[in-house]
Each structure stands twice: as structure tokens, then as C-alpha cells.
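Notes for the one structure printed next.
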Amino acid sequence: MTISQVSKRCNISPDTLRYYEKEGLLSGVGRTEGGVRNYTEQDCKQIEFIKCMRGAGLSVAVLKQYFELFKRGKRTLKARRDLLATERKSLQVRLTELQNTLSRLDYKISVYDKALKSKTKELKF
């Protein structure tokens, strides 16, 4: 698949794909005889993994570390697991913070809904 096809399929810009390749997150992307990138199904799976992890807040640096470990094979299973477990803990903290923010927003919206129903003009924090 071309970079344009993968970009559409994975909903990610060609520039981002090139960046991930430059940073070593996508290594070994094949090329045609004319030098055009030729992505495989495995590349697409790796892109989806990267997108998921980036969406969860993992940095490019952490992902680079993960993929470096992955390239070294089975002897790095524990290190990869530990890296992901650490990132999971961070994500759990952020998820709790987001849940608290969501609850506060829900409360404030309900206050405004009540004010709108009663035609109250002034609201207090």
C-alpha cells in the first residue's frame, strides 16, 4: 500500500507516517523499485498500535524505547511488560483526573440547566 492509501485507511497524515518512520517507530517499511513506500498489513497493525498508544498519552520517546526492546526479542519481554505497566499507571491517574473533571462539568451543567429553568440570572461558584 502507498503512503496515501495507508494515510486514509489509518486516518493519519502522511507527514505523521514519515515522522514515525524517521523516529524509528516504523522501521523496515518496504520500498518499490521506484523508491515509493510500500506498506504491508503488518505495518498497518503497527501504525494502529502506535496511534492507540499515542492516543493514550505515550510519548514518542517511550514508544521508541518499546520498539527498541521489541527488536531485541524475547529476552526483553519483562522490560516491555514493565514499560507498558508503568505507562498504564500514568494513564490510570489521568483517567481518574478526567473522570473528576467530567463529574464537575456534569454538576456545573446541571446548575445551569436549573438556572435556565428558573430564569435565575446570577450563579455563584
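See the values below:
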{"read-out": "Qualifying residue in the range 23-46 (condition: among the aliphatic types (A, V, I, L, M), modelled with pLDDT of 95 or more and surrounded by 12 or more Cβ atoms within 10 Å (Cβ to Cβ))", "value": "no"}
{"read-out": "Test set (1) among the small types (G, A, S); (2) closer than 23 Å to G28 by Cβ; (3) under 19 Å from the mean Cα position of the chain (by Cα); (4) loosely packed, with under 11 Cβ neighbours inside 10 Å - G55 fails condition number", "value": "(2)"}
{"read-out": "Elements of type helices (runs of 4 or more DSSP H) contained in the range 1-107, each with 3 or more residues being hydroxyl-bearing (S, T, Y)", "value": "14-22"}
{"read-out": "Yes/no for E48 being touching a helix residue (DSSP H, G or I) at 6+ places or on another chain (Cβ under 9 Å), closer than 21 Å to K64 by Cα and not hydrophobic (A, V, I, L, M, F, W, C)", "value": "yes"}
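For (1) at pLDDT below 95; (2) more than 18 Å from the chain's Cα centre (by Cα); (3) surrounded by 10 or more Cβ atoms within 10 Å (Cβ to Cβ); (4) under 30 Å from F49 (Cβ atoms), each residue gets a yes or a no:
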position: Y66; (1), (2), (3), (4): no, no, yes, yes
position: L69; (1), (2), (3), (4): no, yes, yes, yes
position: R75; (1), (2), (3), (4): no, yes, no, yes
position: L84; (1), (2), (3), (4): no, no, yes, yes
position: E87; (1), (2), (3), (4): no, no, yes, yes
position: Q99; (1), (2), (3), (4): no, yes, yes, yes
position: L105; (1), (2), (3), (4): no, yes, yes, no
position: K117; (1), (2), (3), (4): yes, yes, no, no
position: E122; (1), (2), (3), (4): yes, yes, no, no
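The values are calculated or read from the model by the stated rules, or taken from the named source; none is laboratory data. Please read all numbers here as calculations on a predicted model, not as lab measurements. Here the Cβ is made from the backbone with ideal geometry for all residues, glycine too, and neighbour counts use every protein chain on show.
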